[in-house]
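The values are calculated or read from the model by the stated rules, or taken from the named source; none is laboratory data. Note that the coordinates shown come from a computational prediction; the quantities given were computed from them, not determined experimentally. Virtual Cβ from ideal backbone geometry, glycine too; neighbours counted across all protein chains shown. Heavy atoms of the whole protein, side chains included, go into the accessibility calculation; ligands, DNA and RNA do not. Shrake-Rupley method; radii C 1.70, N 1.55, O 1.52, S 1.80 Å.
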There are 2 protein chains.
Amino acid sequence: MVKFQALDRTFSALSDPTRRDILERLARGPASISELAQPFGLSLPGLMKHVRILEEADLVTTEKKGRTRECRLGEAQLDDVSKWVEEYRKRWERRLDRLESYLEGKKRGRT
Amino acid sequence: MVKFQALDRTFSALSDPTRRDILERLARGPASISELAQPFGLSLPGLMKHVRILEEADLVTTEKKGRTRECRLGEAQLDDVSKWVEEYRKRWERRLDRLESYLEGKKRGRT
């Protein structure tokens, strides 16, 4: 299986609905901290806390532009998450396939 | 976007490497608590804590069988996680497409 320490941070960052909403907002285009804070009714420090967690997981990058700080999606494009989920499902399906052929074999043995 | 409160619990449960390993082990077949604890070098209470978090996220179910407790994969087959990641990526790609056609337009305007 994929062994990525980064997965801990990514999954943890995604476990909060506000942080997922911030990502969905940034998927439509960059935004300043105050533009992000407004729709969530969050204080700027409250929002910054979430943004920092997303930054640590490489899901968001920020850049100071004059008096504002612009946020945009980072490089972590959730490839690792997809890969992990996909491999996990494949294992599970292989197990179901094995069970199925085992049961098929049993059935044929009986007739 | 998909709005699932359950996503909080699922992502949070997946943010720990031991819990992901437990899921990968159970994808190969059911196991008792002590069978699970052994390869991780964890105490039974330590492992139970992880199993309970996975149970709360419907990723694992457990059943008392005589003196042991059997664990198997639960019903949450990570469909919500896949759906969320997929929608997020689609948004991001649509944005890239829009940017591309904007740049194409600019280029045509110049020639």
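Odds and ends about this structure:
- Buried solvent-accessible surface, both chains (B, A), 1.4 Å probe, Å² to nearest 100: 3200
- Whole-number D in µm²/s for region B:63-111 (Stokes-Einstein; Kirkwood sum over Cα pairs; 4 °C, 1.567 mPa s): 86
- Counting only Cβ charges, +1 for Lys and Arg and -1 for Asp and Glu, the dipole size of region B:65-110 around its Cα centre is about 240 debye.
- Phi-based couplings in Hz for region B:57-62 (Karplus 6.51, -1.76, 1.60; Gly and Pro marked x): 8, 6, 7, 9, 10, 10
- Calculated label separations, A:Tyr102, copies of the chain, 7 Å along the beta-carbon direction, nm: 5.5
- Cα centroid separation, region B:50-111 to region A:53-111 (Å): 7
- A simple spin-label model places pseudo-atoms 7 Å from Cα toward Cβ; at A:Arg67 and B:Arg28 they are separated by 6.1 nm.
- Acute angle (nearest 10 degrees) that the helix B:17-26 long axis makes with the longest principal axis of chain B, alpha-carbon atoms: 70
- Close amide H pairs (under 5 Å, H built 1.01 Å from N) link A:Arg69 with A:Ile33, A:Ser34, residues at least 5 positions away or on another chain.
- Per-residue Karplus couplings for region B:102-107, computed as 6.51 cos²θ - 1.76 cosθ + 1.60 with θ equal to phi - 60°, are listed in order as 4, 5, 4, x, 4, 5 Hz, Gly and Pro entered as x.
- Under the criterion of Cα pairs below 8 Å and six or more residues apart, the relative contact order for region B:1-101 equals 31 percent.
- Shown for A:Gly46: label points 7 Å from Cα along the beta-carbon vector, and their distances to the equivalent points in the other copies, 3.8 nm in ascending order.
- Accessible-area composition of the protein assembly as shown, carbon plus sulfur, in percent [1.4 Å probe]: 48
- All distinct Cα pairs of the protein assembly as shown go into the 1/r average, and the inverse of that average, the Kirkwood radius, is 20.0 Å.
- Size descriptors for region B:9-111, from the alpha-carbon set: Rg then Dmax equal 21.8, 80 Å.
- Per-residue Karplus couplings for region A:28-42, computed as 6.51 cos²θ - 1.76 cosθ + 1.60 with θ equal to phi - 60°, are listed in order as 8, x, x, 8, 7, 4, 6, 4, 6, 5, 3, x, 8, x, 9 Hz, Gly and Pro entered as x.
- At R0 = 41 Å, FRET efficiency that the Cβ-Cβ distance of A:Glu75 and A:Arg95 yields, to 0.05: 0.75
- Identity and axial distance of the chain A residue whose Cβ lies nearest the axis relating A to B, Å: A:Phe11, 3
- Estimated distance in nm for a label pair at B:Arg108 and B:Lys49, the labels positioned 7 Å out from Cα along Cα-to-Cβ: 6.1
- With Cα atoms, 0 to 90° folded angle of helix B:44-56 axis to chain B main axis: 50
- Per residue, the accessible area of the protein assembly as shown comes to 61 Å², computed with a 1.4 Å probe over protein heavy atoms only.
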